[in-house]
1. Which ones in the stretch 1-29 are open to solvent by 30 Å² or more (accessible area, probe 1.4 Å), over 22 Å from Gly65 (Cβ atoms) and over 14 Å from the mean Cα position of the chain (by Cα)?
2. For the stretch 38-49, enumerate the residues that are small (Gly, Ala, Ser) and open to solvent by less than 40 Å² (accessible area, probe 1.4 Å).
3. Being in a strand (DSSP E or B) and out of contact with any Phe, Trp or Tyr (no Cβ under 7 Å at 6 or more places or on another chain) narrows it down to one residue among Val5, Val48; which is it?
4. Got a sec? Which of Ser102, Ser70 is small (Gly, Ala, Ser) and within 16 Å of Ser17 (Cα to Cα)?
5. Hey, among Asn35, Asn58, which residue is in contact with a strand residue (DSSP E or B) (Cβ under 7 Å, 6 or more places away or on another chain), open to solvent by less than 50 Å² (accessible area, probe 1.4 Å), more than 22 Å from Pro14 (Cα to Cα) and of a type in the set (S, T, N, Q)?
6. Among the residues of the stretch 30-50, what is the count of those that are under 10 Å from the mean Cα position of the chain (by Cα) and free of Cβ contacts under 8 Å to residues at least 60 places away in the same chain?
Amino acid sequence: QVQLVESGGGLVQPGGSLRLSCAASGLTISYHTINWYRQAPGKERDLVATITTVGATNYADSVKGRFTISRDNAKNTVALQMNSLKPEDTAVYYCNARFQWSNYWGQGTQVTVSS
């Protein structure tokens, strides 16, 4: 059974940092394109960052230069390092794994940026 479990969310002040982690079981992270999405209340789920099977990364314009996605194949995890956080980064963050016809989601982790 495939599971993606996000962790690391929480409350942080503007300008602060958080590191999200996505731990996979039942699938091999390195064989999948891994995406981080986020969804704020009343808004659509938006793509934030991607890391491909060959390690190529891509970011939404709104987070470029502030967020970094990385993969640890030995631990079968993907991280999202978030720096210089802004109130508009507040959302539930979801991990997503895709390979051919397979598409898996985690349950999400809440990130709140507020003073």
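1. Gln1, Val2, Gln3, Leu11, Ser25, Gly26, Thr28
2. The answer is Ala40, Ala49.
3. Unique residue meeting the criteria: Val5.
4. Ser70
5. Asn35
6. 5
The values are calculated or read from the model by the stated rules, or taken from the named source; none is laboratory data. Computed from a predicted model, the values in this text were never measured in an experiment. For neighbour counting, all protein chains shown are included, and Cβ atoms are generated from backbone atoms with ideal geometry for every residue, glycine included. Side chains included, ligands, DNA and RNA excluded: accessible areas come from the protein's heavy atoms. Shrake-Rupley method; radii C 1.70, N 1.55, O 1.52, S 1.80 Å.
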